[in-house]
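Read through the structure below, which is laid out as structure tokens, and then see the notes.
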Amino acid sequence: SRWGRGTGAKGPASPSTAGGVTPEEMTALLQGADLCVDATHPYAVEATRNIRAACKTAGTEYRRLLRPESPLPAGSMVFASAAHAAGFLARTQECPACTGAKELSAFAVLEPARLFPRVLPTREGIAACEGADIPHKNIIAMQGPFSYALNRALMEQFAIRFLVTKDGGAAGGFEEKARAAQDTGAQLIVIRRPAEQGETAEQILTHCKEMLQ
């Protein structure tokens, strides 16, 4: 989920919950839970911070699930932040596609007509685009992840020459985006993941099995 996903429930293992959950709501959700697995997006730093705090308040064990990093195609450009990517794009003349509503402020250095943001089809996503003066015809409001064919079709439709993306791993459809950029001749620009520590799915599953013994 783009907005983050945390797992926790009564007992050692649990179904997942997704959505914009406040720290207070997360604390209430974790009451009586033995374990919370934080499987939020690798870039959802604030969500992870809130989940950690909620676990501490609720007295629930916290584990961070890491998504494997994606291999980057040859020729990819990697920037430390959306702002750094925007600074580079400001020196070009071709149309990029930016990541989403949360990063739009970083791209304010570019003419709004040059941006083709892909955002969730929500009031908040559309409002963020309107607040950044993005022309309505440029807004790609769809629920991802997208297939290779759809990624390619969108890039060809809007003549995208720069694709800015985060490395959301397989769950975020990164490979399909990267391959579409490569096959359409677009420059792939990747925002570097924030540094974090955690465990693989296999490690967390092993821990869950040990809890159930």
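The values are calculated or read from the model by the stated rules, or taken from the named source; none is laboratory data. Predicted model, so just to flag it, every value in this text is computed and none were measured. Cβ atoms come from the backbone with ideal geometry, glycine included; neighbour counts cover every protein chain shown. Ligands, DNA and RNA are stripped out before the accessible areas are found, and what is left, the full protein with its side chains, is counted by its heavy atoms. Shrake-Rupley method; radii C 1.70, N 1.55, O 1.52, S 1.80 Å.
If we keep just the residues of the stretch 162-174 that are touching a helix residue (DSSP H, G or I) at 6+ places or on another chain (Cβ under 8 Å) and in contact (Cβ under 8 Å) with a residue 40 or more places away in the chain, which is nearest to Ala201 (Cα to Cα)?
Going residue by residue through the stretch 162-174, those that are touching a helix residue (DSSP H, G or I) at 6+ places or on another chain (Cβ under 8 Å) are 162-168, 173.
Restricting the remaining residues to those that are in contact (Cβ under 8 Å) with a residue 40 or more places away in the chain gives 162-168.
Details: Phe162: 33, Leu163: 29, Val164: 27, Thr165: 24, Lys166: 21, Asp167: 18, Gly168: 15 Å.
So the residue we want is Gly168.
Within the stretch 86-96, can one find any residue that is closer than 28 Å to Gly198 by Cβ and outside any helix (DSSP H, G or I)?
To start, the set of residues in the stretch 86-96 that are closer than 28 Å to Gly198 by Cβ comprises none.
Looking through the stretch 86-96, none of the residues is closer than 28 Å to Gly198 by Cβ and outside any helix (DSSP H, G or I).
Which of the numbered conditions does Glu111 fail, given that it passes all the others? Conditions: (1) farther than 21 Å from Ala170 by Cα; (2) surrounded by 15 or more Cβ atoms within 10 Å (Cβ to Cβ).
Evaluating Glu111 over (1) farther than 21 Å from Ala170 by Cα; (2) surrounded by 15 or more Cβ atoms within 10 Å (Cβ to Cβ) leaves (2) as the failure.
Any idea which of Ala149, Ala170, Ala159 is exposed (fewer than 13 other Cβ atoms within 10 Å of the Cβ) and within 16 Å of the chain's Cα centre (by Cα)? Don't jump to the end; show me each part of the working.
On the way: Ala149 fails: within 16 Å of the chain's Cα centre (by Cα); Ala159 fails: within 16 Å of the chain's Cα centre (by Cα).
After ruling out the rest, the residue left standing is Ala170.
Of everything in the stretch 131-171, what is within 21 Å of Ala86 (Cβ to Cβ), assigned to a loop (DSSP other than H, G, I, E, B) and among the small types (Gly, Ala, Ser)? Give them in sequence order.
Listed by number, the residues that qualify are Ala132, Ala159, Gly168.
Could we say that Leu35 is modelled with pLDDT of 90 or more and open to solvent by less than 30 Å² (accessible area, probe 1.4 Å) here? Full working, then the answer.
Numbers: modelled with pLDDT of 90 or more: yes; open to solvent by less than 30 Å² (accessible area, probe 1.4 Å): yes.
Answer is yes for this residue.
Give me the residue from the stretch 115-130 that is in a helix (DSSP H, G or I) and without any contact (Cβ under 8 Å) to a residue 24 or more places away in the chain and, out of that set, nearest to Gln93 (Cα to Cα).
Filtering the stretch 115-130 for residues in a helix (DSSP H, G or I) gives 123-130.
From the residues that got through so far, the ones that are without any contact (Cβ under 8 Å) to a residue 24 or more places away in the chain too are 123-124, 126-127, 130.
On the way: Arg123: 30, Glu124: 29, Ile126: 25, Ala127: 26, Glu130: 23 Å.
It comes out as Glu130.
Scan the stretch 174-213 residue by residue and report those that are surrounded by fewer than 19 Cβ atoms within 10 Å (Cβ to Cβ) and part of a strand (DSSP E or B).
Correct list: Glu199 only.
Only one of Gln187, Gln213 is of a type in the set (S, T, N, Q) and farther than 21 Å from Ser81 by Cα; which?
On the way: Gln187 fails: farther than 21 Å from Ser81 by Cα.
Result: Gln213 is the single residue among Gln187, Gln213 that is of a type in the set (S, T, N, Q) and farther than 21 Å from Ser81 by Cα.
When both residues are 6+ apart or on different chains and their Cβ atoms are under 6 Å apart, which pairs have a first residue that lies in the stretch 134-160 and is touching a residue at least 12 places away in the same chain (Cβ under 8 Å) and closer than 18 Å to Gly185 by Cβ, and a second that is part of a helix (DSSP H, G or I) and open to solvent by 80 Å² or more (accessible area, probe 1.4 Å)?
Close Cβ pairs (under 6 Å, with a partner that is part of a helix (DSSP H, G or I) and open to solvent by 80 Å² or more (accessible area, probe 1.4 Å)) amount to Tyr148/Arg179.
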